[in-house]
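Coordinate-derived values only; no laboratory data. Remember, it's a predicted structure, so these values are computed and weren't measured experimentally. Virtual Cβ from ideal backbone geometry, glycine too; neighbours counted across all protein chains shown.
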Amino acid sequence: MEFVYEVEGGNFTKAGNASSAVKKTMKQLNVDPKIVKRTVVALYEAEVNIVAHAYGGVITVNVNAEHIHIVLDDNGPGIPDIDLAMQEGFSTASSKVREMGFGAGMGLPNIKKNVDELKVSSEVDKGTRVEMKTYLKNQ
């Protein structure tokens, strides 16, 4: 199964719509609630990153009997130093984003803690790709 969601940069009222839809679908597929929670936390963090930092993006979710594979592609400023961005507390969020309660620098670290595989690639002034995979069965 494949699902595609568009994310609008800067639109915090719609932030979380994709992760909510994925949560509903995973529950309908009787995925283990612990896996649902981990996946949705990671997806929400990544989705909010698009809203907070990019002009927009696309989330593609693939679910099969073995795993959930999620790819988020955004068109934004990119991440100049991915290793630095992976550190807890590091943030490039604007003061406006921080005032709304986002941008604490926990997005990428929380994603990493909640998925089985994570790959982040980015090109400055082009955008960022976040790929995450969560296995539905023990590997």
TODO: Obtain the nm distance between the two label points defined at Asn17 and Tyr135 by a simple spin-label model: each point lies 7 Å from its Cα along the Cα-to-C-beta direction.
DONE: 3.5 nm
Open item on the list: Using Cβ counts within 10 Å as a stand-in for footprinting exposure, how do Thr13, Thr25 rank, fewest first?
Closed with: Thr13, Thr25
TODO: Working from Cα positions, state the angle (0 to 90°, nearest 10) between the long axis of helix 17-28 and the longest principal axis of the chain.
DONE: 10 degrees
Open item on the list: Taking the beta-carbon count within 10 Å as an exposure proxy, list Tyr44, Tyr5, Tyr55 from fewest neighbours to most.
Closed with: Tyr55, Tyr5, Tyr44
TODO: Over the chain, calculate the relative contact order: mean separation of alpha carbon pairs under 8 Å at least 6 apart, over the residue count, as a percent.
DONE: 27 percent
Open item on the list: Quick check: residue separation of Leu29 and Phe3 times 0.36 nm, minus the Cα distance between them. What number comes out in nm?
Closed with: 8.0 nm
Open item on the list: Need one number: nm distance between label points at Asp116 and Val58, each 7 Å from Cα along Cα→Cβ, rounded to one decimal.
Closed with: 2.6 nm
Task: Nearest 10 degrees, 0 to 90: helix 33-53 Cα axis against the chain principal axis - done: 20 degrees
Open item on the list: So for region 18-133, if I pair up every lysine 8 or more residues apart or on another chain, how many of those pairs have alpha-carbons under 17 Å apart?
Closed with: 15
Task: Long-range Cα-Cα pairs in region 2-135 (distance over 18 Å), rounded percent - done: 50 percent
Task: Helix-only CD estimate at 222 nm, as mean residue ellipticity for the chain, using -39500 (n - 2.57) per DSSP H run (n ≥ 4) - done: -10500 deg cm²/dmol
